[in-house]
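Below is one structure, written out as structure tokens, with a few remarks after it.
Nothing in this text is a laboratory measurement; each read-out follows from the coordinates by a stated rule. If you're wondering where the values come from, they're calculated on a predicted model, not measured in any experiment. Here the Cβ positions follow ideal geometry from the backbone for every residue, glycine too, while neighbour counts run over all protein chains shown.
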Amino acid sequence: MAILDSGYLLLSSIGLMIAGVGGLIIVSAGVLSLTGVVLALIYRRSKTILIPNITLFILGFLEGPVKQIAWLFKIDEVFMDQMVVDIRNRLYLNAFTKIAYEDRMIFLPQCLRDPKCPAPLEPEGIKCLSCGRCGIGMIKDYAEQLGSKVYIAPGSTLIKRMLKKYRPKAVLGVGCTLEVYEGTRLMASFGLPVQAVGLERDGCIDTRVDVYSLMEKIKAHSSLGKNYCIRDDPGLFALATRIQEMWDYSRPQKVRVKPVKK
Ligand code: SF4
């Protein structure tokens, strides 16, 4: 009888311990999820990201619960993903700008092209003919003059193939929120300094990107200073304005990009 009693006591203690640990994990997850939502609310208000590394950890580890609670505060999933991309951009900017232009790879989505784009699909992506119907030609010319490799990707398979083939040291990508969210996660997992620009108008065709942000990231380099801003660079600012206006007003034009001073 005494043996039965002590066995019962032992089992009850183990059960209580497991329940205690389980409860602690649930409470910790709840507290961390709420912290993630508070950080998102602060970001929504001021674009401030407090403790970026920890925020990224919480939003990655507890993505589901944080998004569910955030929804109660009218913060949608897309906003949360954009926040994560912004955090990755900030965390990797310094490392990205230290990489030489020649070692960078830039991926543009095919949906940015004009619907009447005459470019053929080749083994290394869509080959832009710089026809002037969309801004890609000028963006590509500019980045290639700096030495970067530019690809117009019809899908993620090409991106992975080019990464494997050319092994860049840094990557800059443009895409819809989901694409840049997944893309930055993948590049970060490869240990590659990554930067991303989300599409301003997404969809499957005739999409738009903020040309100023994109050109600024293409040119950003540690030799230009930590706070390089396109607004302080009249030449690049003027080029970005021409591209942006061409896209905004659908004015086809063929502009030769002047030789770039590195
Ligand atoms: S400039 Fe635009 S529309 Fe013209 S070939 Fe290049 S990607 Fe296609």
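Tabulated data for the structure shown
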quantity	calculated
³J(HN,Hα), Karplus 6.51/-1.76/1.60, whole Hz, each residue of region 186-201, x for Gly, Pro	5, 4, 4, 5, 7, x, 8, x, 10, 9, 9, 10, x, 5, 7, 10
Residue-by-residue Karplus 3J(HN,Hα) for region 125-133, coefficients 6.51, -1.76, 1.60, Hz, glycine and proline x	x, 7, 8, 5, 9, 6, 6, x, 6
Amide proton proximity set for Ala170, modelled H, under 5 Å, gap of 5+	Met105
Viscosity 1.306 mPa s, temperature 10 °C, Stokes-Einstein D of the chain from Kirkwood C-alpha radius, µm²/s	77
Nearby aspartates and glutamates by direct alpha-carbon distance to Lys67 (threshold 13 angstrom, same-chain neighbours under 8 apart not counted)	Asp76, Glu77, Asp81
Segments 37-47, 116-126, 131-141 sorted - mean Cβ within 10 Å per residue, highest first	131-141, 37-47, 116-126
Principal axis box of region 2-75, alpha-carbon based, largest edge first, Å	65, 24, 14
Karplus-derived 3J(HN,Hα), 6.51/-1.76/1.60, for each residue of region 236-242, Hz, glycine and proline x	6, 4, 5, 5, 4, 5, 4
R0 of 25 Å, Cβ-Cβ distance Arg242-Lys116: FRET efficiency to nearest 0.05	0.80
Which listed pairs, of Lys98/Lys165; Lys140/Lys217; Lys149/Lys219; Lys47/Lys98; Lys160/Lys226; Lys116/Lys149, have C-alpha distances above 20 Å, in listed order	Lys98/Lys165; Lys47/Lys98; Lys160/Lys226; Lys116/Lys149
For Glu63, Glu102, order by how many other beta-carbon atoms lie within 10 Å, fewest first	Glu102, Glu63
